[in-house]
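**Student:** First, the structure itself, so that you have it in front of you.
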Amino acid sequence: MFFGSALHSFGVKELLRGLIEYAPSPRPQPALERLVDPGESQATGFVFKIQANMDPRHRDRIAFVRICSGRMDRGMKLWHVRSGKQLLLHNPMLFFARERELVDEAWPGDIIGVPNHGSLRIGDTLTEARTCILWHS
């Protein structure tokens, strides 16, 4: 059990260290045809949340993608399985509270934000392999 105060930053470091130490490692994710193992080399992830207007100065739309396998790098091309088109990962972001930061690489278990203009929906799969469908609505 952890005690602390986010308001006074007391115990926050200990809580985060505890999450790293005790939280489970990435698990295989069910796909329509098979399980996608986190140790696979090809990058795979799925959109589980869409958030609009996170930045009050802009009309933005962020798709939250859970990385299931491989490594996703900033600038890489992924297949958007539903549309059958390629998607360039321009500005993937990591979020921590209200802060955002561009991320150069993401690994299984990471959650990244992908800015888009409505092309991504909940349940969409992004992958290096054209045939993998992780989750569908």
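The values are calculated or read from the model by the stated rules, or taken from the named source; none is laboratory data. Everything numeric in this text was worked out from a predicted model, so none of it was measured. Every residue, glycine among them, receives a Cβ derived from its backbone with ideal geometry; neighbour counts consider all protein chains shown. Heads up: the accessible areas ignore ligands, DNA and RNA and are worked out on the full protein's heavy atoms, side chains in. Shrake-Rupley method; radii C 1.70, N 1.55, O 1.52, S 1.80 Å.
**Student:** Within the stretch 103-126, can one find any residue that is out of contact with any helix residue (DSSP H, G or I) (no Cβ under 6 Å at 6 or more places or on another chain), part of a strand (DSSP E or B), open to solvent by 90 Å² or more (accessible area, probe 1.4 Å) and farther than 30 Å from residue 7 by Cβ?
**Tutor:** The answer is no; no qualifying residue exists.
**Student:** Separate question: Could you please find all residues in the stretch 1-25 being in a helix (DSSP H, G or I) and either surrounded by 11 or more Cβ atoms within 10 Å (Cβ to Cβ) or of a type in the set (D, E, K, R) (or both)?
**Tutor:** 12, 13, 14, 15, 16, 17, 18, 21
**Student:** Inside the stretch 36-68, can you point out the residues that are farther than 12 Å from residue 125 by Cα, within 13 Å of the chain's Cα centre (by Cα) and open to solvent by less than 30 Å² (accessible area, probe 1.4 Å)?
**Tutor:** 62
**Student:** What residue, of 49, 85, is in contact (Cβ under 8 Å) with a residue 60 or more places away in the chain, touching a strand residue (DSSP E or B) at 6+ places or on another chain (Cβ under 9 Å), farther than 13 Å from residue 115 by Cβ and among the basic types (Lys, Arg)?
**Tutor:** Of the residues listed, the single one that is in contact (Cβ under 8 Å) with a residue 60 or more places away in the chain, touching a strand residue (DSSP E or B) at 6+ places or on another chain (Cβ under 9 Å), farther than 13 Å from residue 115 by Cβ and among the basic types (Lys, Arg) is 49.
**Student:** Also: Quick test of your reading of the structure: residue 72 fulfils all but one of (1) more than 20 Å from residue 96 (Cα to Cα); (2) of a type outside the set (Val, Ile, Thr); (3) open to solvent by less than 30 Å² (accessible area, probe 1.4 Å). Name the failing condition by number.
**Tutor:** Condition not satisfied by residue 72: (1).
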